[in-house]
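So the structure is just underneath, and the comments pick up after that.
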Amino acid sequence: MKTKAVRLYGKKDLRLEEFELPQIKENEILARVVTDSLCMSSYKASSQGTDHKRIPGDVAENPIIIGHEFAGELLEVGAKWSHKFKAGDKFSIQPALYYENGPVGILSAPGYSYRYIGGDATYVVIPNEVMEKDCLLTYHGEGYYPASLAEPLSCVIGAMHANYHTTPGSYRHKMEIVDGGKMAILAGVGPMGLAAINYVLHREDRKPSLLVVTDVDQARLDRAATIYGVDLAASRGITLRYVNTGTLEDPVKELKAISGGSGYDDVFVFAPVKPVVEQGDAILAFDGCLNFFAGPDDTGFSAMLNFYNVHYAYTHIVGTSGGNNDDMVEALEIMSKGLDPAGLITHIGGLNAVAAATNNLPQIPGGKKLIYTHIDMPLTPIADFATLGESSDLFRELALICNRNKGLWSVEAETFLLNYFDKHIS
């Protein structure tokens, strides 16, 4: 079967090409990709090429398919896996396989390391190790885009689970955020910060009593407050505050005052910015845990840490890089119970838009860029749909649908988009 895919040949060398997929083996699965969400990690992979730890050294001769936040439909299931999967199943994939015999060893991952599987493709061959590692996950919800966003949501879930606190009088650590505690999410209204807010508001087993979200971009703060409002938080027993620290004379003093003077049990830093990290350290409560979430490009990135507080106030730091299988399963489950990740999405595009968008991702404002791999469409901000709709039936209808959904993407919008292109492509 032929596929169209965006393949990496070297640093910033991404090419949209059509080529033949090999016939699947009895331990493989053929799948149709429907959606892929572009990730900053793909930008890093393209920028670094073979210097990237997940990229094979021979991509110039054997290019890999990029994209790792994808979802679609299984088309043909090899005999080995027919007891577990069937044609027609919708799927999502956990790309962190931890498979020692992969193309680059244990760090091998779809979207980075493989020739025939990645999210920015029309059709892919899912290799045996994905199923062996239980990383092929069946999705039972509506639409496809939520399953694409299960992977970034799983990263947030993993971060929450990775936080830990001490038990006075012992050396036993208690994993997880403090239930009923005080939480701050700094630089928290980018795509992943929004995912964190959404998860905190919808989680059932534990939650903070106070959630403070900061940023220096008032427009983004206002958008976050519209999507995830204080009334919604209050209905779940959480006091939610959005704070523009750029307008504060002394952000640390003001943030500690909001906490009642005690500081925050759990602080998440969503930008690799030295002052933000140091601000997070300064607002920690006794036994507070700082989670450094955002991975920096700079291998020498560092910030000051108050070691007096480490010793006497038991403050500590943790970091995570991605979620695991359990986190992906939890992401899919919580979405099936009503969590809609649409608030992360600000742009829609087709496969033709992937190469340029990936290579320029830091310069493109907004949140997640969602790709529909079987269509040709420029990467388009949802906010521009209404203006474009003045001369386009497609965008006029999409604007109407999004307006009915608080200006957000939705299963209704996705269905219309896919049906529109089905009808207009001979």
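The values are calculated or read from the model by the stated rules, or taken from the named source; none is laboratory data. Predicted model only: the values in this text are computed from it and were never measured. So basically every Cβ, Gly included, is an ideal-geometry build from the backbone, and we count neighbours across all protein chains shown. Each accessible area value is taken on the protein alone, full model and side chains, heavy atoms only, with ligands, DNA and RNA left out. Shrake-Rupley method; radii C 1.70, N 1.55, O 1.52, S 1.80 Å.
So the values come out like this:
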| item | result |
| --- | --- |
| Criterion: touching a Phe, Trp or Tyr at 6+ places or on another chain (Cβ under 6 Å), open to solvent by 10 Å² or more (accessible area, probe 1.4 Å) and not in a loop (DSSP other than H, G, I, E, B) - qualifying residue of R15, R32, R7 | R32 |
| Residue list for the stretch 400-423, restricted to those being closer than 18 Å to V34 by Cβ and part of a loop (DSSP other than H, G, I, E, B) | W409, S410 |
| Inter-residue pairs, beta-carbon under 6 Å, first without any contact (Cβ under 8 Å) to a residue 60 or more places away in the chain and under 14 Å from T245 (Cα atoms) and in the stretch 217-230, second open to solvent by less than 40 Å² (accessible area, probe 1.4 Å) and not polar (S, T, N, Q), 6+ apart | R220/V189; L221/V189; L221/D215 |
| Tally of residues being open to solvent by 30 Å² or more (accessible area, probe 1.4 Å) and within 21 Å of the chain's Cα centre (by Cα) across the stretch 407-424 | 2 |
| Residue among L232, L240 that alone is buried (at least 18 other Cβ atoms within 10 Å of the Cβ) and within 25 Å of the chain's Cα centre (by Cα) | L240 |
| Those helices (runs of 4 or more DSSP H) lying entirely in the stretch 82-187 with at least 1 residues more than 30 Å from R220 (Cβ to Cβ) and either in contact (Cβ under 8 Å) with a residue 40 or more places away in the chain or within 20 Å of the chain's Cα centre (by Cα) (or both) | 128-132 |
| When residues of the stretch 35-78 are limited to those that are in a helix (DSSP H, G or I) and of a type in the set (A, V, I, L, M, F, W, C), the one farthest from V124 (Cα to Cα) | M40 |
| D281 being open to solvent by less than 50 Å² (accessible area, probe 1.4 Å) and in contact with a Gly (Cβ under 7 Å, 6 or more places away or on another chain) | no |
| The stretch 65-88, subset open to solvent by 20 Å² or more (accessible area, probe 1.4 Å) and of a type in the set (D, E, K, R), residue farthest from T373 (Cα to Cα) | K80 |
